[in-house]
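Undergrad: The structure under discussion is supplied below as C-alpha cells; questions concerning it will follow.
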2 protein chains.
Amino acid sequence: MTGLATAAPDAGGDSPLALVCGGGSLPLAVADHVARRGRRVILFPLIGAAAPDGFAGREHHWLRIGQVGRFLKVARAEGCRDLVFIGSLVRPSVWSVRPDWRTVLALPRAFAAYRGGDDHLLSRVGAWIEEYGFRLLGAHEVAPEILMPEGQLGRVSPSDAAREDIMLGLDYLRATGRFDIGQAVVVADKHIVAVEAAEGTDEMLKRVAGMRASGRLRTAPGKGVLVKAVKPDQDRRFDLPSIGPRTVEGVASAGLGGIAVTAGAAVVAEPEPLVVAADRAGIFVIGVAS
Amino acid sequence: MTGLATAAPDAGGDSPLALVCGGGSLPLAVADHVARRGRRVILFPLIGAAAPDGFAGREHHWLRIGQVGRFLKVARAEGCRDLVFIGSLVRPSVWSVRPDWRTVLALPRAFAAYRGGDDHLLSRVGAWIEEYGFRLLGAHEVAPEILMPEGQLGRVSPSDAAREDIMLGLDYLRATGRFDIGQAVVVADKHIVAVEAAEGTDEMLKRVAGMRASGRLRTAPGKGVLVKAVKPDQDRRFDLPSIGPRTVEGVASAGLGGIAVTAGAAVVAEPEPLVVAADRAGIFVIGVAS
C-alpha cells in the first residue's frame with residue numbers, strides 16, 4: 001500500500017467516468033451509452049491502440065502505455081473516481097513501454113505482472129490502480145447495453161447439428177478457462193478444428209478459411225460454429241469476449257454457419273450493422289448460457 | 001460381425017507385415033527397421049498421401065483411400081495377418097473417397113465413423129478391419145526404434161524457465177486430451193501462445209513465426225517451447241505425435257528455444273538429421289514423462 005489512496009470509492013455517479021480506450025469501435029459506443037445516462041465521460045485513448053480519429057469533439061487526453069503517473073494526475077484533476085478499461089490492446093513489448101516516474105517506482109511489480117497470461121497482467125494493473133484510490137469497473141457495469149442478450153439475433157436459427165457443436169465448444173472452453181488463453185474455438189461436425197490462443201479471433205477465422213481453401217478442412221460450407229465464452233473465473237472488468245460486424249465477415253469467409261457467445265458475459269460491438277451483415281450472409285448469431 | 005473373420009490373430013512373426021503408408025519419411029523408416037529384424041514387409045502406399053517415389057525396389061501395392069476390399073484381398077493373398085497404419089493422412093473428404101464394394105456394404109458405419117474427431121474415425125476403421133481377421137498393431141510395436149527416448153537429444157539443454165513452460169504445456173494437453181484434437185501447444189513466458197487443432201504442428205509454428213513478425217508475440221527470441229504429448233487415452237496404434245527435422249526448422253523459424261515430447265509415446269522421424277539440425281540451430285529436444 002502506498003499511502004496515496006486518499007479518495008475512497010463511492011457510488012461514483014456524480015463524478016465523471018475515466019474511460020481508458022484501446023482499439024476498435026467499442027470505446028466510443030460505451031462513451032455514448034454513458035453520456036446518454038447524463039454522466040460526463042473523460043476519454044483516455046492509448047497511443048498505438050486507439051484509432052486517431054473519433055476523439056475530436058469529445059473530452060479526451062492521449063496516454064502512452066505506461067504513463068500511470070500522467071493518468072492519475074489528469075484523472076484526479078478532472079474529478080474522476082471511477083475508471084473503465086475498454087477496447088482491444090495487443091500485449092505490449094516490455095521495451096516499447098515508456099514508463100513515467102510513477103511507473104518506474106513500481107517497476108519490480110510491473111515486471112512481475114508481465115510474466116504469465118493476459119488476465120494475470122490486467123488484474124495486477126487493476127489492483128495497482130485501485131491502490132491509488134480509483135474504483136475499477138467493467139464496461140458492462142456502466143453501459144449494460146453492450147452485453148449480448150440470450151437468444152437469437154437476426155433472422156437465421158442454428159440447426160440441431162450446430163447446437164451440438166456449440167455444446168462441444170462450450171465444454172472445451174470450460175475445460176481450458178483456467179489456462180488464461182483465448183476464449184474462442186471453431187467446431188464443425190462435432191470436431192474442434194481451431195483453438196484461439198494469442199493470435200485473436202480474426203486470425204483464427206482466417207486460419208479456418210485457409211484450411212478450407214487448402215482442402216484440410218472439408219466439412220460442407222455453412223456448417224461449423226464460432227463459439228466464444230467468458231472464462232470461468234475471468235475478472236469481467238477486463239476484456240469480455242466481443243463480437244462485431246467484422247466477426248460476421250470472418251465467419252462467412254471461413255464458410256461457417258454461425259456464432260454462439262455467452263449471453264450476459266460477452267460484448268456486441270455495433271449490434272445493428274452486425275445483424276444486417278449476419279442476415280445478409282445467412283449466419284446465425286446466438287447468445288447462450290455459459 | 002460379418003462371418004468373414006476366418007484368420008485368427010497369432011503372434012504374427014512368421015507372416016509378412018502389411019504396412020499401410022501415409023505421407024512423410026516415417027513409413028519407409030519403419031519398413032527398414034522391420035526388415036532388419038528379418039520380417040518380410042508388404043507396403044500399401046495410399047494414393048494422394050504417400051510420395052510416389054521410394055517404393056520402387058520394395059514389395060508394394062498402391063491403394064486408394066476407401067479400397068478396403070482390395071486391401072483385404074491383396075493382403076490375404078500375400079499371407080499377411082498383421083497390419084500397421086503409419087504416416088500422415090489429411091482427413092479425406094467424404095466425396096473424394098472412392099469406395100469399393102466391400103466399403104459400400106459398410107457405408108452406414110463408414111459415415112458414422114466419419115463424424116467426430118480423428119481418433120474416433122481411426123479407431124472405427126481399425127475395429128472394422130480387425131473383424132476381417134487382421135490384427136492391427138502400432139508402428140512402435142513392430143519398430144520400437146522410432147520412439148522418442150526420455151532425456152535430451154543433442155547438445156542443447158532446456159533452461160529452468162523452459163522447464164516451467166514445458167510443465168504448463170503438458171498440463172494443458174492433459175486437460176484437453178479428451179477432446180480428440182491436436183497434440184501440441186507453444187508456451188512462452190508461462191503463457192500459452194498457440195494451440196494446435198486441425199491445422200497441424202507445422203502450420204501452428206508458422207503462426208507463431210507470424211505473430212512474432214507482426215509484433216503480436218514479443219517474448220525474447222530463443223524463449224518458448226513446442227510441447228507435444230500423447231493424448232491420455234489415445235489408441236497408440238494410430239497417429240502417435242511425431243517430430244522430425246522439419247519440426248526443428250519450424251521451431252527455429254518461430255524463434256522458440258526447444259521441443260519437448262512425451263518419451264516412449266512419440267515418434268522421431270529421421271533422428272540423426274534431427275539432432276544435427278537442432279544442434280546447429282541451438283534448439284533443445286527433450287523427451288519428458290507424460
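Undergrad: Within the stretch A:44-75, which residues are within 15 Å of A:Ser88 (Cα to Cα), crowded, with 18+ Cβ neighbours inside 10 Å and of a type outside the set (A, V, I, L, M, F, W, C)?
TA: The answer is A:Pro45, and nothing else.
Undergrad: A:Ala194 versus (1) within 14 Å of another protein chain (Cβ to nearest Cβ); (2) touching a Gly at 6+ places or on another chain (Cβ under 9 Å); (3) not in a helix (DSSP H, G or I): which is the lone unmet condition?
TA: (2)
Undergrad: Write out, first by first residue and then by second, each pair whose Cβ atoms fall under 6 Å of each other, whose residues are 6+ apart or on separate chains, and whose first residue, in the stretch B:200-218, is closer than 13 Å to B:Val251 by Cβ while the second is polar (S, T, N, Q) and in a helix (DSSP H, G or I).
TA: As it stands, the answer is B:Ala209/B:Ser253, since those pairs meet every condition given.
Undergrad: Right, here's the next one. Taking interchain pairs and intrachain pairs at least six residues apart, which have beta carbon atoms under 9 angstrom, with the first residue in the stretch B:61-73 and touching a residue at least 12 places away in the same chain (Cβ under 8 Å) and the second among the aromatic types (Phe, Trp, Tyr) and part of a helix (DSSP H, G or I)?
TA: Note: pairs meeting the criteria are B:His61/B:Phe71; B:Leu63/B:Phe71; B:Val68/B:Trp128; B:Gly69/B:Trp101.
Undergrad: Among the residues of the stretch A:231-249, are any in a helix (DSSP H, G or I) and over 30 Å from A:Ala18 (Cβ atoms)?
TA: First, the residues of the stretch A:231-249 that are in a helix (DSSP H, G or I): A:245-249.
Subset that is over 30 Å from A:Ala18 (Cβ atoms): A:248-249.
Yes.
Undergrad: Looking only at the stretch B:177-200, which residues are β-branched (Val, Ile, Thr), over 17 Å from B:Arg163 (Cα atoms) and at pLDDT 90 or above?
TA: Result: B:Val195, single match.
Undergrad: Give the residue, chosen from B:Val41, B:Val90, B:Val97, that is assigned by TED's automatic domain parsing to the domain that holds B:His140, surrounded by 13 or more Cβ atoms within 10 Å (Cβ to Cβ) and either at pLDDT 80 or above or small (Gly, Ala, Ser) (or both). Before you say what the answer is, go through the steps one by one.
TA: Details: B:Val90 fails: either at pLDDT 80 or above or small (Gly, Ala, Ser) (or both); B:Val97 fails: either at pLDDT 80 or above or small (Gly, Ala, Ser) (or both).
After applying the criteria, what remains is B:Val41.
Undergrad: Sticking with this one: Out of all the residues in the stretch A:49-71, is one or more at pLDDT below 85 and within 17 Å of the chain's Cα centre (by Cα)?
TA: yes
Undergrad: Determine which member of the set B:Val208, B:Val185, B:Val225 is facing chain A (nearest Cβ under 8 Å) and either crowded, with 20+ Cβ neighbours inside 10 Å or over 19 Å from B:Gly282 (Cβ atoms) (or both). Outline the logic, then answer.
TA: On the way: B:Val208 fails: facing chain A (nearest Cβ under 8 Å); B:Val225 fails: facing chain A (nearest Cβ under 8 Å).
Criteria check complete, one pass: B:Val185.
Undergrad: Has the stretch B:157-171 got any residue that is in contact with a helix residue (DSSP H, G or I) (Cβ under 6 Å, 6 or more places away or on another chain), of a type in the set (D, E, K, R) and either surrounded by fewer than 16 Cβ atoms within 10 Å (Cβ to Cβ) or assigned to a helix (DSSP H, G or I) (or both)? So that I can check it myself, show each step before the final result.
TA: Filtering the stretch B:157-171 for residues in contact with a helix residue (DSSP H, G or I) (Cβ under 6 Å, 6 or more places away or on another chain) gives none.
Checked against the condition, which is being in contact with a helix residue (DSSP H, G or I) (Cβ under 6 Å, 6 or more places away or on another chain), of a type in the set (D, E, K, R) and either surrounded by fewer than 16 Cβ atoms within 10 Å (Cβ to Cβ) or assigned to a helix (DSSP H, G or I) (or both), the stretch B:157-171 yields no hits at all.
Undergrad: Quick one: which of B:Gly222, B:Gly210 is assigned to a loop (DSSP other than H, G, I, E, B), at pLDDT 90 or above and assigned by TED's automatic domain parsing to the domain that holds B:Ser159?
TA: Result: B:Gly222 is the single residue among B:Gly222, B:Gly210 that is assigned to a loop (DSSP other than H, G, I, E, B), at pLDDT 90 or above and assigned by TED's automatic domain parsing to the domain that holds B:Ser159.
Undergrad: With the checklist (1) more than 28 Å from A:Arg178 (Cβ to Cβ); (2) in contact with a strand residue (DSSP E or B) (Cβ under 6 Å, 6 or more places away or on another chain) in hand, flag the one item B:Glu196 doesn't pass.
TA: That leaves (1) as the condition not met.
Undergrad: Looking at this structure, is A:Ala265 at pLDDT below 85, over 19 Å from A:Leu28 (Cα atoms) and among the aliphatic types (A, V, I, L, M)?
TA: yes
The values are calculated or read from the model by the stated rules, or taken from the named source; none is laboratory data. Just so it is clear, the structure is predicted and the values come from calculations on it, not from any experiment. For neighbour counting, all protein chains shown are included, and Cβ atoms are generated from backbone atoms with ideal geometry for every residue, glycine included.
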